[in-house]
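Please read the structure below before turning to the comments.
The values are calculated or read from the model by the stated rules, or taken from the named source; none is laboratory data. Here the structure is a predicted model, which means the values were calculated and not measured. With ideal geometry, Cβ positions are generated from the backbone for all residues, glycine too; neighbour counts draw on all protein chains shown.
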Amino acid sequence: MNDPTPPRNTTAFYVQSMIAFGISLSTMIVAILYLPVDGWIRAFLGLGTLFLTTSSFTLAKCVRDAQESQAVVSRLDQARVDKILADHDPFRTA
């Protein structure tokens, strides 16, 4: 039978994800600051980086919410099937 508890991420995975995010964002910010261009171009690239960062968080939340809702629907369907099978008695007379 299926295990009802979904797999959980480890603390090391969270730490690795946070470090990778921090390095990538700070590298992009430093690259924008030291780019030999006008201030307007730096501002445009900075806003693009900010928008990309917030969009990434929003997309990650949407994917997580979709997976969680699918898991709930799947568990409800499994509970219905289990109830039908538990109520079914092939030897009962009608």
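Annotations for the structure displayed:
- Condition met for ALA71 (under 13 Å from the mean Cα position of the chain (by Cα) and at pLDDT below 90): no
- Any hit, the range 83-93, residues being exposed (fewer than 10 other Cβ atoms within 10 Å of the Cβ) and among the polar types (S, T, N, Q): yes
- Test: ALA12 is part of a helix (DSSP H, G or I) and loosely packed, with under 10 Cβ neighbours inside 10 Å: yes
- Residue check, ASP77 under 18 Å from the mean Cα position of the chain (by Cα) and assigned to a helix (DSSP H, G or I): no
- Positions within the range 40-68 being of a type outside the set (Val, Ile, Thr) and under 14 Å from the mean Cα position of the chain (by Cα), in sequence order: SER55, SER56, PHE57, LEU59, ALA60, LYS61, CYS62, ARG64, ASP65, ALA66, GLN67, GLU68
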